[in-house]
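Every number in this text was worked out from the coordinates using simple rules, so none of it is lab data. Because the structure is a prediction, the values reported are computed rather than measured. Note that each Cβ is placed from the backbone with ideal geometry, even for glycine, and that neighbours are counted across all protein chains shown.
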Amino acid sequence: MPAFASRLFAAESAAKEKLGWALVGLGRLSTNQLAPALQKTKHAKLVAVVTGTPEKEKLWAEKHSIPQSHIYNYEAFDKIAENDDIDVINIVLPNGMHHEFTVRAAKAGKHVFCEKPMAVSSQECREMIDTCRQADRKLGIGYRCQFEPHHLECIRLANEKAFGPLRQIDAGFGIRIEDFPQDDPKHWRLEKKLAGGGALMDVGIHALNACRYLTGEEPKTIVAQEVKTNPEKFAEVDETIVWTMTFPSGTVATCSTTYNYNGVNKFTVYADRGTFGLEPAYSYSGIRGTVEGKPIEKPDIDQFAAEIDDFALCIKEDRPTKAPGEEGLKDLIALEAVYESIRSGRTVEVKRDA
């Protein structure tokens, strides 16, 4: 996008009371979380959708008052560049499609908000960052927990060293995917090409991200082990992984993730003079936590509305988001180290971008 056009677009976006939001991919997350959140946001509104399922077009048009001119399929996606009502494109597709549609969205002159994981490789993340930078478009990643009040309180306690230096973090997140039956191996979460990985990419990333923002550091070394109780169902992706990360300050994090049970959804921080943590930690609502056994009294918010409003304000005020593409890249670098440790059976030194 030429510089003068970019400045004009930015000025027009800043002048809008609510930025126009387009959802790309109308699965469960868009249907049950993002669309309802966009009914609550102060700085964004749903104005367009992109779907490959014709049956959904009429349903979404009627339910959300979206005109036919603002409904796109994947083949006609690039025509979105002609629609001035659309300011932000929210990528809610299988992980393996994040890179392609983020690049296409940026080249169409739109800001991009991409669900986590940002991509299926660190190289794809770098290309997404570069494309958005070249197009002078902002790129945000859907790390909703970083906007949730209980998490923010724990981050404050960690950053201020309220109980002294952090010594250890135990973090984990697991879910069951029994609703993805054995005779349906083509569900995208079980396909390497579309998912990039299994439980680690899907939900374990929350535990990893929490360890990073609690310590304020990047992991130095990672050692990991994988377990599969159902090698047939999880032939292409991971089922259960446990891993340990060491940080430059000396903090050690022990983490786990699984697609086999939903009994772990927490983090606990052990510092010199006390402990604090959350359980459940990563759910869409109902987050609970304690500090030295006493409850953390914070409101239960719509995490999706909070992250959407924050990104919209970053665009309107032309300031950085705290969850940019670089944040997604750092997680992918760590995730790749986890997988490398599993492949090699060794402790891996985590490579960092310069």
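A few comments on the model shown:
- Separation in nanometres of the label points that stand 7 Å from Cα toward Cβ, at GLU297 and GLU236: 5.0
- Against the chain, whose longest principal axis is taken from its Cα atoms, helix 149-159 shows a tilt of about 50°.
- Rounded if a/c under 1.5, otherwise prolate or oblate - the chain, Cα gyration tensor axes: prolate
- Within straight-line reach of LYS330, meaning a Cα separation under 18 Å, sit the following aspartates and glutamates at least 8 residues removed in sequence or on another chain: GLU115, GLU124, GLU127, ASP130, ASP202, GLU217, GLU218, GLU340, GLU349, ASP353.
- C-alpha long axis of helix 303-316 to longest principal axis of the chain, angle in °: 60
- Rounded to 10°, Cα long-axis angle of helix 3-15 versus longest principal axis of the chain: 80
- For TYR259, TYR72, the sequence from fewest to most other C-beta atoms within 10 Å is TYR72, TYR259.
- Candidates CYS114, CYS314, CYS255: whichever shows maximal mean-square fluctuation once the chain is modelled as a Gaussian network with Cα springs under 10 Å: CYS314
- HN-Hα J in Hz across the range 130-137 - Karplus 6.51, -1.76, 1.60, θ = phi - 60°, x for Gly and Pro: 4, 5, 5, 5, 5, 7, 6, 10
- In the chain, the sites counted are GluC sites (Glu not before Pro) in DSSP loop states with at most 12 other Cβ atoms within 10 Å, and the longest stretch holding none of them, exclusive of the sites, is 76-159.
- Distance-filtered residues of the range 304-331 - backbone nitrogen under 20 Å, label point 7 angstrom along LYS220 Cα→Cβ: 330-331
- Exposure proxy for ILE66, ILE222: other Cβ atoms within 10 Å of each Cβ, ordered fewest to most, give ILE66, ILE222.
- Projected label distance in nm at THR31 and LYS161, using a 7 Å step from Cα toward the beta-carbon: 5.0
- The range 190-259 - percent relative contact order, Cα under 8 Å, separation 6 or more: 37
- Taken along the Cα-to-beta-carbon direction at a fixed 7 Å, the label points for THR229 and GLU191 span 2.7 nm.
- Over the residues of the chain, the helix contribution to mean residue ellipticity at 222 nm works out to -9500 deg cm²/dmol, using -39500 (n - 2.57) for each DSSP H run of at least 4.
- Amide H contacts of ARG167: TYR270, ALA271, ASP272, each under 5 Å away and 5 or more positions distant or on a separate chain (H built 1.01 Å from N in the peptide plane; Pro and chain starts excluded).
- When you restrict to C-alpha pairs under 8 Å that are six or more residues apart and normalise by the size of the range 3-144, the relative contact order lands at 21 percent.
- In Hz, Karplus ³J(HN,Hα) per residue of the range 214-220 (6.51, -1.76, 1.60; θ = phi - 60°; x = Gly, Pro): 6, 7, x, 10, 9, x, 8
- Mean separation of Cα contacts under 8 Å (6+ apart) over length of the chain, as relative contact order %: 19
- Summed residue charge, Cβ within 10 Å of LYS116's Cβ, Lys/Arg positive, Asp/Glu negative: -3
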